[in-house]
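Before any comments, here is the structure.
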Amino acid sequence: MVQNVRFLLLPATAVPPHLASRILAANLRRLSRDWQAAYRHPVLLAETFVDESRFQGTGYRAATWTRLGLTRGYGRHYHSYRHHGVPKAAWVYPLRPDALARLRNTQVPAAPPTGEVAMPHPALHPEALPMVGAGGLLDRLPTIPEGRKPRGLRHPIATVLAIAQLLKTLGARRATPPSKSTFRRVLAGAPVDALDAAISRWLIEQGV
């Protein structure tokens, strides 16, 4: 499931008819196919949120999205959620007829888009993945920006993140491993998008 964060057509004197629904439809037609090509799995459902105190969601309605109802007025704030008091309307668009059934049933793998052949995914065995050297996990993690102050740092961010990801595989045996507070600070302050992108690229390169 993916989210359409922003989509707005500002008032103008000359706008082609049905422009909003046409743009949304064109994106939805290729959305799952693009994700299949980039990340090796399709997308089953698109979602978005509309602040009805400012907008009506006319474009989504015209593009046959479904309005589910109002949220409780919470929003993402760094690594948690906080109540901002502005409920928003949730709209969704299933990208295949059985999308909701598949999202409810984790035992059924999502099928590839029509015309594509399902490729078997090998089981993930962390101990078989390269940790060091060119192409290893430790070769990727140093690209993650360090958010801590440099003074007093004993363990680089790459080491802490690698141990947090694959503790048993790396076999942390040193006398003074990173403390619980170190793990907590690094994991709470690590840039999630950069970390996810680095590990995703590494896993894709391993054929996982």
Query raised in the report: Residues G133, G75, G171, G152: which one is among the small types (G, A, S) and modelled with pLDDT of 75 or more?
Result: G75
Report summary line: Scanning segment 37-66 for residues that are farther than 15 Å from S21 by Cα and basic (K, R), the one modelled with the lowest pLDDT turns out to be R40
Query raised in the report: For segment 1-26, which residues satisfy the criterion of being polar (S, T, N, Q), open to solvent by 90 Å² or more (accessible area, probe 1.4 Å) and over 14 Å from the mean Cα position of the chain (by Cα)?
Result: T13
Requested in this report: Would you check which residues across segment 89-105 are within 18 Å of the chain's Cα centre (by Cα) and more than 14 Å from T66 (Cα to Cα) and list them?
Outcome: L103
Query raised in the report: Counting only residues that are within 16 Å of V92 (Cα to Cα) and of a type in the set (K, R), which one in segment 29-65 is most open to solvent (accessible area, probe 1.4 Å)?
Result: R29
Query raised in the report: Which pairs have Cβ atoms under 8 Å, sit 6 or more apart or on different chains, and link a residue in segment 182-200 that is within 24 Å of H41 (Cα to Cα) to one that is open to solvent by 60 Å² or more (accessible area, probe 1.4 Å) and assigned to a helix (DSSP H, G or I)?
Result: A194/T143; A198/T143; I199/Q165; S200/Y39
Report summary line: The condition of being in contact with a strand residue (DSSP E or B) (Cβ under 6 Å, 6 or more places away or on another chain) and of a type in the set (A, V, I, L, M, F, W, C) holds, among V50, V86, V5, only for V50
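The values are calculated or read from the model by the stated rules, or taken from the named source; none is laboratory data. Keep in mind that what you see is a predicted model, and the values were worked out from it rather than measured. Ideal geometry is used to build each Cβ from the backbone, glycine not excepted, and the neighbour counts take in all protein chains shown. For accessibility, only protein heavy atoms count, side chains too; no ligands or nucleic acids. Shrake-Rupley method; radii C 1.70, N 1.55, O 1.52, S 1.80 Å.
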